[in-house]
Amino acid sequence: MDEIGFRNLKAWKSLFVMVRFVQLFHPLPDHARWRHAEQYSRDLLQTTEEVDESSSTTPHHVFICRRTHPGHCLGIFHGENPLNCSFNIILFDLVLMILITTVLRLLLKPLKQPRIVSEIIAGIFVGPSVLGQSKKLTEQVLPDNAQFVVANLGAIGFAYFLFVTSVETDFSVLRKVGKKHVYSAVIGVFFPITTVCIVAYCFKSSIHGNLAKPVGIGSVASSVSVTVFPVIYLILKELRLLSSEVGRMAMATAMVSDVMGIILVFAFVAVKHGQHSAADALWFMVSVIVLMAFAIIVIRSVLLWVVDKTPEGKPVDRSYVVLILLGVLVMTFFSDMFGLLFLHASLLLGIVMPDGPPLGATMVQRSRTVVMELLMPFTFAILGLNVDVFAMANYGWSNLEPLFAMVIAGYLSKLIAISAVALFFGVPFKESFTLGLMMNLRGLYEVTIFLKWLDEGILETPTYTLMLLLTTLMTGTCSALICFIYDPTKQYMTNKRRTIQHTPPGTELSILVGIHDEECVAGLVNLLETSHPTTTSPFAVFAIHLFELVGRAFPVFIDHDKPERPPKYINYKKIHNALKLYQKPRSEYVKLRSYTVATVKRTMHQDICDLALTYKATLILLPFCSKRLDNLAGSEIVRHVYGKQSINSRVLANSPCSIGIFVDKGYHNPIAMQYYHQLFFRRCVVLFLGGADSREALAYADRMASNPEVSLTAIRFLSYNNIGDNEMETKLDDGVVTWFWVKNEGNSRVAYREVVVRNGEETLAAIQALDNDTNELWIVGRKQGINQVLLEGLSKLSENPELGVIGDYVASTDFGSTASVLVVHQQIMRG
């Protein structure tokens, strides 16, 4: 048939809102030959032009008419299918992706799989490999017009993802990386590239299409050799390895690798432009230089001005946030206009953004949830829509074998190279191998680049499918192996006693003090002063200021005794100076060393335990809640209180020594340090319910009893007729109580009593009877070894497990006491 014509075009347009035409003899692109039928029709539509009333037909054109979906429907009560409306289709696709991803995350979590693996599999699930096998379902859920919208929303989501992750990237860290990281990165990039090229040469007769060209081989080599920092940061954060020694090493190495990767990407795109003419490559480089200069000189200056205009301690004004988010789209437009990858602009804008508070932190906090939870599902959907395992199976193993060999050889060579370099620099084998696995982690950046190569014809649908599956498999395998091989908490499992009870008298007591904010300082220093350090019983105090890392990816560890300049956004001076002011008049018997750690909350416990292990601390003192709840909004209560309690719980689970959790009810002026030599707890009460924690609490209280300004009352609770007693625990309790009483028998400031109770109700009644306005500090063991008869019926009353049942009750507002509370947990031997 030479010509297809329509005499009544207007009548057809009343039925078909959109009419498109393509050339009748338009050649089928090579890279689309193996695509799914739906994908091919989409390729055709992308090469068409919309016909209006002024369009004319020719003998060389064929009309393809498709019915568009109305924006909204009247409802099911009018007999309409909700999925016939474009708006409902997009909503349904979003909900479907989120549900599938959530289910997969729950299923894969026991296998130690990161979130990215679940999201990629969810995208594959909605594509032609699974749900797409049903043509009717595909037409309903993901018709061609909906796929066009999903693809564009996915691109926007990926642009914002790169922006958010690059905001958290601080390239100033490159000034501090050592030779170990530089050599690991350089060898870890060039050795896999060389290996891939050698394998490609061996299979040169089997490689077909654009993949056989230098550009194709270089694309595969770069994908397996370069580790992108934002990707490895997100996965290590999820695995809670950011603060581990190997995690820090991996991020520093990835930072160097990332810089090399950016250079390689620009070189790759320049070479690709140069295939047409040298002038194209030259104009591309000029565009890159102009865009980078504009971002660094103009945009960064404006952003620094915004930071200067923002009052200290306040978030950035909302109007600036909106303008910056709009600027991401503007920069992406210009990047695409200049022939760069659209992702370069958002990446560059995020890099020039001042990291940390107020601007970087505000941008991350305001945009992360929307980007990660609402836009990114579309990105993974479009990735999965181009995956077709059936096309890969039909493609033939002989055609896929060269690519498979190149990818696997590249990953293995990178693992060997990184591990060998780390071993050369003295890193133990287990840590070296773990580092090699970490550097093989891949994520959204790499798989999105695969999609770009697919669109440019470097990859075909079968080879794209193989690349994405191998990348997902590699990331999942490496994550599982990392969790199986490397556990940073194992080093805390010591078989050496580091408790107050077992510390010989007259020896230095090492105490690690955790500080969240200024309001923590007064109470903790008062507690130290009450503990009565002397020249015969000196203290070595290691204070660690814990600062939540927001808007920055690389953790910061600052030793204030070293000439190191902390980031501007960390307000450490008041706390550091206050501690120095406390220590200065006590320098003969109190040694002080202070640190500041900025990291995410989920890994703060590792920094605390690492420092305690390094300095062989006997006791870790942590605040329970330093902010008054009646001064906080509901969301802030959750953020401050729950965050600190979760840190305390993780320290309790991993600590290499004893722990004291301090509930300060004094609400002192946080910086009134000039009066600290007069402030301490004068009346203390010890609630001894038996067990290891109570013995540790009594041993700590014994140190306070030596303070001439402190009066101490010790109350031992016994069960009626010794019901429920553990014979071994009772003997140990008797020994410690006898030692304490004999030592303090002549001390008029120390009193000892015993109370017999039948159940938990009588225990609380006895504690209530002890409360009076003169008590200033309650000291209680947490829970280890307590006779459960003493707590009978009280387990449901406890809301804070880290305080134990009795500690939680005494600290609660229901108890009504104004005295502060110290809950003591003795070290658990795990070695």
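V286 meets each of the listed conditions (1) farther than 23 Å from F158 by Cβ; (2) touching a helix residue (DSSP H, G or I) at 6+ places or on another chain (Cβ under 7 Å); (3) hydrophobic (A, V, I, L, M, F, W, C) apart from (2). Restricting V387, V328 to those that are open to solvent by less than 10 Å² (accessible area, probe 1.4 Å) and either free of Cβ contacts under 8 Å to residues at least 24 places away in the same chain or part of a helix (DSSP H, G or I) (or both) reduces the list to V328.
Of the residues making up segment 171-200, those that are open to solvent by less than 20 Å² (accessible area, probe 1.4 Å) and either in contact with a Gly (Cβ under 6 Å, 6 or more places away or on another chain) or over 22 Å from S225 (Cα atoms) (or both) are P192, V196.
Entry remark, segment 793-826: residues being surrounded by 18 or more Cβ atoms within 10 Å (Cβ to Cβ) and not hydroxyl-bearing (S, T, Y) number 18 in total. Has segment 248-271 got any residue that is among the β-branched types (V, I, T), in a helix (DSSP H, G or I) and closer than 30 Å to S398 by Cβ? Yes, that holds for at least one residue. Scanning segment 219-240 for residues that are in a helix (DSSP H, G or I) and either aromatic (F, W, Y) or open to solvent by 30 Å² or more (accessible area, probe 1.4 Å) (or both) turns up S222, F229, Y233, L234, K237, E238.
Checked against the criteria, S367 does not count as among the polar types (S, T, N, Q) and either over 17 Å from the mean Cα position of the chain (by Cα) or under 30 Å from S205 (Cα atoms) (or both). Answer yes if at least one residue in segment 453-461 is closer than 25 Å to G123 by Cβ, open to solvent by 10 Å² or more (accessible area, probe 1.4 Å) and part of a helix (DSSP H, G or I), and no otherwise. Among the residues of segment 453-461, at least one is closer than 25 Å to G123 by Cβ, open to solvent by 10 Å² or more (accessible area, probe 1.4 Å) and part of a helix (DSSP H, G or I), which makes the answer yes. Which is among the β-branched types (V, I, T), over 29 Å from T472 (Cβ atoms) and under 28 Å from the mean Cα position of the chain (by Cα), of V316, V328, V288? Going through V316, V328, V288 in turn, just one is among the β-branched types (V, I, T), over 29 Å from T472 (Cβ atoms) and under 28 Å from the mean Cα position of the chain (by Cα): V316.
Candidates are the residues of segment 524-543 that are crowded, with 23+ Cβ neighbours inside 10 Å and under 32 Å from the mean Cα position of the chain (by Cα); the one that is nearest to V663 (Cα to Cα) is L524.
Give the number of residues within segment 587-629 that are assigned to a helix (DSSP H, G or I) and out of contact with any Pro (no Cβ under 7 Å at 6 or more places or on another chain).
Residues meeting the conditions: 11.
Which members of segment 95-130 meet the condition of being in a helix (DSSP H, G or I), aliphatic (A, V, I, L, M) and surrounded by fewer than 18 Cβ atoms within 10 Å (Cβ to Cβ)?
From segment 95-130, those in a helix (DSSP H, G or I) are 95-111, 115-126; that's our starting set.
Among the residues that remain, those that are also aliphatic (A, V, I, L, M) are: 95-100, 103-104, 106-108, 111, 116-117, 120-122, 124, 126.
Across segment 95-130, the qualifying residues are V95, I98, L99, V103, L106, L107, L111.
Among the residues of segment 473-487, those that are open to solvent by 20 Å² or more (accessible area, probe 1.4 Å) and touching a residue at least 60 places away in the same chain (Cβ under 8 Å) comprise M474, A480, C483, F484, Y486. If you check V810, V780, V789, V824 for being part of a helix (DSSP H, G or I) and touching a Gly at 6+ places or on another chain (Cβ under 9 Å), only one passes: V789.
The values are calculated or read from the model by the stated rules, or taken from the named source; none is laboratory data. A quick note: this is a predicted structure, and the numbers were derived from the prediction, not measured. Virtual Cβ from ideal backbone geometry, glycine too; neighbours counted across all protein chains shown. Please note that ligands, DNA and RNA were not included when accessible areas were found on the heavy atoms of the full protein model with its side chains. Shrake-Rupley method; radii C 1.70, N 1.55, O 1.52, S 1.80 Å.
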